[in-house]
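As structure tokens, the structure follows; a few thoughts come after it.
All of the numbers you see were taken from the coordinates with simple rules; none came from a lab. Worth saying up front: this structure is predicted, and the values here are computed from it rather than measured. Positions of Cβ are backbone-derived with ideal geometry, glycine not excepted, and every protein chain shown enters the neighbour counts.
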Amino acid sequence: MEARPNLFQTVLGAFLLQEDTYARMRDDAQRMKRALVLVVAVGLLVGVTGACGRLGEWAVSPPMDKLQSTVLSHLSQMPWFTDMSRNPQAMQMFKQQYELGWTIAKALVPSPWALVGILTTPLSLLIIWFVYGLLAHLSARVLGGKGSAGQTLACTALAVAPQLLNIVTVLPFAQAAGVSTWTLVCNFTAVRSAHGLRGWRALVATVLPLVLAILIGVLFACLGGALAETIIGRTVGGAR
Amino acid sequence: MMRELVAFARGVLTLNDATFAAHLASRDALKRGLLLMVSVALLVGLIPFLSGMASSFRSVDMAAVEREAERQIESSLQFNPAWQNPEFQSTFRQYFQMGFAIARDVMAIKPNVSFLPPWLERLMRAFGEWLSQPLAWLGAWAGYALWVMLFAKLLGGRATLERMLAATSLFVVPHLLDVLGSLLTLLSGIQVAGACFGLLNTLIGVVAWAWGIVVYVKATAVVNEFSWGRATLVTLLPALLVALLAMLLAIVAVMGIVLSASGAQ
């Protein structure tokens, strides 16, 4: 009897798009358990390494509060600042914009909060895998696929393999590119393997959930934008 | 092993049919292609990384940087006809000095973990950027290959996804020339001769880039069983479409600006 590949071999095979890795997962009696373990293990690994890297970046970076006050102290010595300070309304506006800019910057730079990623990364991978897997299953079935929901979920779990590229972020300032593209490629292989679909049908079944997600995302972004505009409008209006 | 690698690289560079066929017939073609890409990207980035690593230990002499910037700005103020207004020049100098004062104070701020040496950030940045390079190549190559494959399929190509990725990954082989280019970059600091090395470096970059495209076209032709013409078309189509899209967006943006400006008047 052929030995079952370990987690590392499975992830490597999935990353290298090896048909037998996907077929083995599809036909495994304990596929859902294996898929769940795979997603959680990869998520934890990526979460821990990413958090380490972000923490390292934070450690060697200057404190943002100090940066903010240093820049402000210099700006306040500039001639235009003196002119502006005569107008209380302009001064108020400047303070608001300055605070807003730094609040956004502080949210983007690394902080000890990066440790939360150890929990949120596996959790988000699980949610994305589950939602995508179900949507891909539905679209594959509509297009004539033969696989079960369990088989689709098991195979699409292998598409977390490219997330391992993110391990490079254990080094501060390192960035992983190509993860989403390679995930798409792995998902295509997974849907093709789980449902026995070929060519264009497999492509459409793979891409359809993403198109749906983008459309929903755009809708939410528009709603969020309108909401933010209203809130900012009220805040600025209130300040006046 | 080394002899095999050299023979393989020579086969790819000379667009040898047998080399491409043997590569595609291998079960590990994609793995080999990915390893090749990572190795070439790391090699190309090695010299800039070592140079960055060496300079990360030197503390930044802000006074020297300021003097050099001042010298360049003074010559611009002297010779640029648009900057001859004395009032503009005085304001410019004032703000330049204020900007440098900000930079000086920001550079002096200690990191969050204050006992860490200031060179550590520069060293980590150099190392992180070096190791990110292969992934940046991988992302760009995979993304582009998917579009090429899409167009190839529309034109009757016979490649599977794995074979297409494995074949097109060979485009990195000519980029070994970039290693030579990065070596020349080190010499570009030498007076007069440095300019020649810089020019040579650019030339090497262009040759590696063009050769890479030729290898890409050959790989696309072999894996899809296409003629050279059709393979060239599907290789260039995604880039052409992106250029066309960018041009259309630019035209729309310019039209929008012109219309809004005329509306405001």
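Which whole-Hz ³J(HN,Hα) couplings does region A:82-87 yield from phi under the Karplus relation 6.51 cos²θ - 1.76 cosθ + 1.60, θ = phi - 60°, glycine and proline marked x?
4, 4, 5, 5, 6, 9
Taking N as the number of residues in region B:146-192, what is its Cα Rg relative to 2.2 N^0.38 Å? Each step should come with its number before you reach the end.
On the way: Rg = 18.2 Å, N = 47, 2.2 N^0.38 = 9.5 Å.
Scaled against compact globular proteins, the figure is 1.92.
What lysines could a cross-link reach from A:LYS66, if we take a straight Cα to Cα line under 25 Å and drop same-chain neighbours fewer than 8 places away?
A:LYS95, A:LYS106, B:LYS110
Can you give me the three principal axis dimensions of the protein assembly as shown from its C-alpha atoms, in Å, biggest first?
81, 62, 59
With every atom except the alpha carbons ignored, what do you get for Rg and Dmax of region B:1-114, in angstroms?
For region B:1-114, the Cα radius of gyration and maximum Cα-Cα distance read 26.3, 72 Å.
Over the Cα atoms of region A:114-199, what is the Rg over Rh ratio if Rh follows Kirkwood? Show your work: numbers first, answer last.
Details: Rg = 14.6 Å, Rh = 13.8 Å.
The Rg/Rh ratio comes out at 1.06.
Can you pull out the chymotrypsin sites (Phe, Trp or Tyr not before Pro) in region B:1-72 that DSSP calls coil and that have at most 11 other Cβ atoms within 10 Å?
Numbers: sites: B:PHE8, B:PHE20, B:PHE49, B:PHE57; in loops: B:PHE57.
Here the chymotrypsin sites (Phe, Trp or Tyr not before Pro) that fit, given the DSSP loop and packing criteria, are B:PHE57.
Quote the FRET efficiency, to the nearest 0.05, computed for A:LYS95 versus A:VAL211 with a Förster distance R0 of 56 Å and r equal to the Cβ-Cβ distance. Walk me through the intermediate numbers first.
Values: r = 43 Å, r/R0 = 0.77.
Taking R0 as 56 Å, the efficiency between A:LYS95 and A:VAL211 is 0.80.
Can you pull out the trypsin sites (Lys or Arg not before Pro) in region A:155-220 that DSSP calls coil and that have at most 11 other Cβ atoms within 10 Å? Intermediate values should be presented prior to the final figure.
Numbers: sites: A:ARG192, A:ARG198, A:ARG201; in loops: A:ARG198.
Those satisfying the criteria are A:ARG198.
Put a dot 7 Å past each Cα toward the Cβ at A:LYS146 and B:MET62; how far apart are the dots in nm?
7.1
Of all the Cα-Cα pairs you can form in region B:48-131, what percent are over 20 Å apart? The partial results should precede the final answer.
On the way: 1846 of 3486 pairs.
Cα-Cα pairs in region B:48-131 separated by more than 20 Å: 53 percent.
What do the square roots of 5 times the Cα gyration tensor eigenvalues come to for region A:1-144, in whole Å, largest first, as semi-axes of the equivalent ellipsoid? Working shown, then result.
On the way: eigenvalues 544, 74, 23 Å².
Equivalent ellipsoid of region A:1-144: 52, 19, 11 Å, largest first.
Mind listing P(r) for region A:115-161? All alpha-carbon pairs, 5 Å bins, whole percents.
5, 23, 26, 20, 11, 8, 4, 3, 1
Given the -39500 (n - 2.57) contribution per DSSP H run of 4+ residues, what per-residue ellipticity at 222 nm results for the protein assembly as shown, rounded to the nearest 500 deg cm²/dmol? Don't jump to the answer; show the numbers that get you there.
Working: 20 runs with 395 residues, N = 505.
Mean residue ellipticity at 222 nm (helix-derived): -27000 deg cm²/dmol.
Taking the Cα centre of chain B as the origin, how large is its charge dipole in debye, to the nearest 20, when only Lys and Arg (+1) and Asp and Glu (-1) carry charge on their Cβ atoms?
Details: 18 positive and 15 negative charges, 149 e Å.
Here the size comes out at about 720 debye.
Around A:PHE8, with a cut-off of 15 angstrom between Cβ atoms, what is the net charge of the other residues, counting Lys and Arg +1 and Asp and Glu -1?
Residues near A:PHE8 contribute +4 overall.
Could you tell me which helices of chain B pass both thresholds, a Cα extent of 20 Å or more along their own axis and a mean Kyte-Doolittle hydropathy of at least 0.0, with helices taken as whole DSSP H runs? Numbers along the way, then the final one.
On the way: long enough: B:29-56 (39 Å, 1.61); B:62-79 (26 Å, -0.50); B:86-108 (33 Å, -0.10); B:119-154 (53 Å, 0.61); B:193-224 (46 Å, 1.53); B:228-264 (53 Å, 2.03).
Those that clear 20 Å and a mean of 0.0 are B:29-56, B:119-154, B:193-224, B:228-264.
Which residues make up the longest stretch of chain B that has no trypsin sites (Lys or Arg not before Pro) in a DSSP loop with at most 14 other Cβ atoms within 10 Å?
Details: sites that count: B:ARG27, B:ARG58, B:ARG158.
No qualifying site falls inside B:159-265, the longest such stretch.
A:VAL71 to B:PHE92: FRET efficiency via 1/(1 + (r/R0)^6), r the Cβ-Cβ distance, R0 25 Å, to the nearest 0.05? Before the final figure, lay out the partial values.
On the way: r = 20 Å, r/R0 = 0.80.
Calculated value: 0.80.
Quick check on my link table: of A:LYS146/B:LYS153; B:LYS31/B:LYS153; A:LYS33/B:LYS153, which ones sit more than 26 Å apart, alpha carbon to alpha carbon?
Values: A:LYS146/B:LYS153 24 Å; B:LYS31/B:LYS153 23 Å; A:LYS33/B:LYS153 37 Å.
With Cα atoms farther than 26 Å apart: A:LYS33/B:LYS153.
Taking the Cα-to-Cβ direction at B:ALA243 and at B:SER51 and moving 7 Å from each Cα, how far apart do the two end points lie in nm?
A separation of 3.0 nm, rounded to one decimal place.
Take the Cα coordinates of chain B, assign each an equal point scatterer, and use the Debye formula without solvent to give log10 I(q)/I(0) at q = 0.12, 0.17 Å⁻¹.
-0.98, -1.24
Could you check the spin-label model distance between B:LEU183 and B:VAL252? Points 7 Å from the Cα along Cα→Cβ, value in nm.
Using points 7 Å along Cα→Cβ, the separation is 4.8 nm.
Given N residues in chain A, what is Rg(Cα) / (2.2 N^0.38 Å)?
Details: Rg = 24.1 Å, N = 240, 2.2 N^0.38 = 17.7 Å.
Against the compact-globule rule of thumb, the ratio is 1.37.
Counting only other chains, and only Cβ atoms inside 10 Å, what mean value do you get across the residues of B:99-109?
Values: counts 2, 0, 2, 8, 1, 1, 6, 6, 1, 2, 7.
Mean shielding count: 3.
Cα extents of region B:114-265 along the three principal axes, largest first, in whole Å?
58, 58, 42
Kindly state, to the nearest 0.05, the FRET efficiency for B:ARG3 paired with A:GLN30, given R0 = 51 Å and r defined as their beta-carbon distance.
Numbers: r = 46 Å, r/R0 = 0.91.
Step by step, r from the Cβ atoms, then E = 0.65.
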